[in-house]
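The values are calculated or read from the model by the stated rules, or taken from the named source; none is laboratory data. On a predicted model such as this, the values are computed, not experimentally measured, just so you know. In this analysis, Cβ positions are derived from the backbone assuming ideal geometry, glycine residues included, and neighbour counts consider all displayed protein chains. Ligands, DNA and RNA are excluded from the accessible area calculation, which covers all protein heavy atoms including side chains. Shrake-Rupley method; radii C 1.70, N 1.55, O 1.52, S 1.80 Å.
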Amino acid sequence: MSTLARKKGVGAVIWDYLTTVDHKKIAILYLIAGGVFFLLGGLEAMIIRIQLAVPNNDFISAGFYNEVLTMHGTTMIFLAAMPLVFAMMNAVVPIQIGARDVAFPFLNSLGFWLFFFGGVFLNLSWFLGGAPDAGWTSYASLSLASPTHGIDFYVLGLQISGLGTLIGGINFLVTIINMRAPGMTYMRMPMFTWATFVTSALILFAFPPLTVGLIFMMMDRLFGGNFFDPALGGNTIIWEHLFWIFGHPEVYILVLPAFGIFSEIFATFSRKRLFGYSSMVFATVLIGFLGFMVWAHHMFTVGMGPIANAIFAVATMAIAVPTGIKIFNWLFTMWGGSIRFTTPMMYAVAFIPSFVIGGVTGVMNATAAADYQYHDSYFVVAHFHYVIVGGVVFALLAGAHYWWPKMFGKMLDEKLGKVTFWLFFIGFHLTFFIQHFLGLMGMPRRVFTFLPGQGFETGNMISTVGAFFMAAGTVVLLANVVITTVKGKRVGNDPWEDGRTLEWAVSSPAPEYNFAQTPLVRGLDAYWIEKMEGKKGLTPAEPLGDIHMPNPSILPFVISLGLFVSAFGFLFHQDHAWGTPVGVFGLIITLGAMFFRSIIDDHGFHIHKEEVMEAEKKGAGA
Amino acid sequence: MANHTHVQNPKVDVQYRRKKNAEEMKHQIVSFTLMIFLTLIAFFAVGYEGFSAWFSVPFILLLAVVQVIFQLYYFMHMSHKGHELPALFIYGGVVVAFVTIWAFLTVVWI
Ligand code: HEM
Ligand SMILES: [Cu+2]
């Protein structure tokens, strides 16, 4: 029954991935899908930058610019950054806590396929009458007036993929609460696991407001509702509140895992325990909590009045305190460590000044009175790219290099990795640093071109050149992936040699069942402790025995496909007679698949002790 | 996949568990009676002419909160050991939702 180390044809591999419930394979699916969307979002960014390279440019039209801009932002946040974060969490967290899988493997697969079909649905808008064009925030006053179906694709696509995210978040919460190995107390969890835990809690609380907002918007656009239309007694500001009650926690959903990734990297390559571990945990939880109290800082200019503005300004600035704690802890982790400048470590070191710049401009934006000047200018664009690219994207690139051997069993080439790093690092600062000044000089955001003679030419040209550097860095990274896949050598358990956490104690990639015997965790940095005592492996917490595994299933794919079909039907139900029937048909597919899931008794299967022993002998590098 | 949730107690515990269960049953019946009673009061508060809406609406809300607590603690066993984390998340969610609504009512006004 087990699929251990068996050669398979292409069809079988595809079927394997369509039906897999293994967190390690789902991580690869997230990585590929998120990676493709990242390239797509990057392509859109390049189109934007080419259009803005010179004044009065007509590379693309104004209307198309709005679509590209909206799809760039939406794709990058929901379809690239989020799934790539989930890729890292799936690849690492279950192994870091000494578990054999997540708590609900079936739901894990369902979460992925919902995200995937939501993303594909959103992008099909390009071919079906036009993409959404009201910005990634899709403010109701704009989006209700949008003539194409673009906004409807946005609403339904994000609804489907958001469902997947919510499911994924709940899954990780339950996994971390229930599946930790013996001895893995909360205060012994690796920092990335802690970050995943808090992030999942944020997902749990932040996504429902988005869901509600999207339902309102769907009602207004497709079913004759009027939640947001003032002419009919609605209120257009409600969307803004709902969106940002979700939207601000969302930025922490992205950046907390980034902090977690860097915490692992700093400790590993400084060969030191993370400085101030408990204050790191405290800061992470506090950031997560405060993240819910500040949403209105995106709406200072809406006219909430001075009292509201002042309160939200102060609350926002408070978040700088736990963030500062983290920055100092990372610096002190490096202090006195024996540092190795591997590719992941270079990203980590570069992250600190980049992110601090983004944090400082964040506090500037939070100063409500001053924000009247910055709002909707390129200053804001510079700010959020400093935190998002300098924080999240750097972390994802660092994490990809760091855990690549654990995911694929081969090391990415370090030389090419460093080339990518330098191209990306230089390109990033070239592109976005100058935008601070463009913004202060008055260049508005979300405008498709600018006039000559206003002092914007040089800055925009520099910014575009920088974007090409980042594109070049990405191309080198892709080449690196191809070269590594074709020519790379297999590596052992602990290819960086300084691994501290449990994932480095199992073979690369980890066997299907992760741990032949559940390990006993004897402290923070469990693997490091064993290594320091001269042991090769972990201390087992159970005798070797048969391992129970969940069966693969195609149902998650079918459930998601049903919603995808249904969304098409309802989207066109006002234009075509087939709309409603197709919509209902899709729902029947989804509900039918859920019905089958409920009535089929699925007990999973066992990998027998002998098979495990054989696989361990073959697979383990140590 | 996990089957570690319920380990059957050995026979010696039977006596003790009986007593425990009986006690719990008593609590459930008491709180069930109270809940029905509270519901009746709620109906009464709405029906009675002498109370204005300014009194009865907050009053009913208060009764509702009490009912939720009964429900969680006596029927969904939140008072038992091992429910600390669900409690933390529920109260966390309540605090976040409360602060958000409170902010709307006091400073934002939409
Ligand atoms: C990597 C190179 C990138 C470049 C060159 C780039 C460039 C741009 C540009 C030129 C804009 C338009 C600003 C405007 O007209 O207002 C923009 C907007 C935006 N970008 Fe990026 N970006 C990049 C990466 C990212 C990433 C990684 C993310 C998120 C994970 C991101 C999120 C956004 C968002 C949310 C917007 C706002 C869209 C909107 O106004 O609706 N960007 N970007
Ligand atoms: Cu914010």
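Set side by side, the residues A:Thr361, A:Thr343, A:Thr420 differ, and just one is of a type in the set (Ser, Thr, Tyr), at negative phi, assigned by TED's automatic domain parsing to the domain that holds A:Phe266 and more than 21 Å from the chain's Cα centre (by Cα), which is A:Thr361.
Scanning the stretch A:351-378 for residues that are touching a residue at least 12 places away in the same chain (Cβ under 8 Å) and either within 11 Å of ligand 1 (Cβ to nearest atom) or β-branched (Val, Ile, Thr) (or both) returns A:Ile352, A:Val356, A:Ile357, A:Thr361, A:Val363, A:Thr367, A:Asp376, A:Ser377, A:Tyr378. Counting only residues that are crowded, with 24+ Cβ neighbours inside 10 Å and within 12 Å of ligand 1 (Cβ to nearest atom), the stretch A:239-249 holds 1 of them.
Quick check on the stretch A:56-70. Is at least one of its residues farther than 23 Å from A:Gly459 by Cβ, open to solvent by less than 30 Å² (accessible area, probe 1.4 Å) and either touching a Leu at 6+ places or on another chain (Cβ under 8 Å) or away from ligand 2 (no atom under 16 Å from the Cβ) (or both)? The answer is yes, given that some residue of the stretch A:56-70 is farther than 23 Å from A:Gly459 by Cβ, open to solvent by less than 30 Å² (accessible area, probe 1.4 Å) and either touching a Leu at 6+ places or on another chain (Cβ under 8 Å) or away from ligand 2 (no atom under 16 Å from the Cβ) (or both).
Can you pull out every residue in the stretch A:221-273 that is in contact with an Asp or Glu (Cβ under 8 Å, 6 or more places away or on another chain) and not in a helix (DSSP H, G or I)? Of everything in the stretch A:221-273, those that are in contact with an Asp or Glu (Cβ under 8 Å, 6 or more places away or on another chain) and not in a helix (DSSP H, G or I) turn out to be A:Asn226, A:Phe227, A:Phe228, A:Asp229, A:Gly234, A:Arg271, A:Arg273. Look at the stretch A:269-298: where a residue is away from chain B (no Cβ under 14 Å) and away from ligand 2 (no atom under 16 Å from the Cβ) and a partner is outside any helix (DSSP H, G or I) and among the aliphatic types (A, V, I, L, M), sitting 6+ places away or on another chain with Cβ atoms under 6 Å, you get A:Ser270/A:Ile339. Under the condition of being within 10 Å of ligand 1 (Cβ to nearest atom) and touching a Gly at 6+ places or on another chain (Cβ under 9 Å), the residues counted in the stretch A:391-428 number 5. Here the condition is being surrounded by fewer than 24 Cβ atoms within 10 Å (Cβ to Cβ), hydrophobic (A, V, I, L, M, F, W, C) and within 14 Å of A:Leu571 (Cβ to Cβ); of A:Leu107, A:Leu142, A:Leu128, A:Leu122, it holds for A:Leu128 alone. Among residues of the stretch A:460-492 being within 16 Å of ligand 1 (Cβ to nearest atom) and among the hydroxyl-bearing types (Ser, Thr, Tyr), the one that is farthest from the other protein chains (Cβ to nearest Cβ) is A:Thr464. Take B:Tyr91 and decide whether it is out of contact with any Asp or Glu (no Cβ under 7 Å at 6 or more places or on another chain) and within 14 Å of chain A (Cβ to nearest Cβ). Judged against the criteria, B:Tyr91 is a match. Scanning the stretch A:71-99 for residues that are over 30 Å from A:Ile177 (Cα atoms) and open to solvent by less than 10 Å² (accessible area, probe 1.4 Å) returns A:Met71, A:Thr74, A:Thr75.
If you go through the stretch B:67-84 and pick out every residue that is on the phi < 0 side of the Ramachandran plot and loosely packed, with under 13 Cβ neighbours inside 10 Å, you end up with 7.
Take the residues of the stretch A:518-551 that are over 14 Å from A:Gln96 (Cα atoms), away from every other protein chain (no Cβ under 14 Å) and in a loop (DSSP other than H, G, I, E, B): which is most open to solvent (accessible area, probe 1.4 Å)? Checked the stretch A:518-551; the qualifying residue most open to solvent (accessible area, probe 1.4 Å) is A:Lys536.
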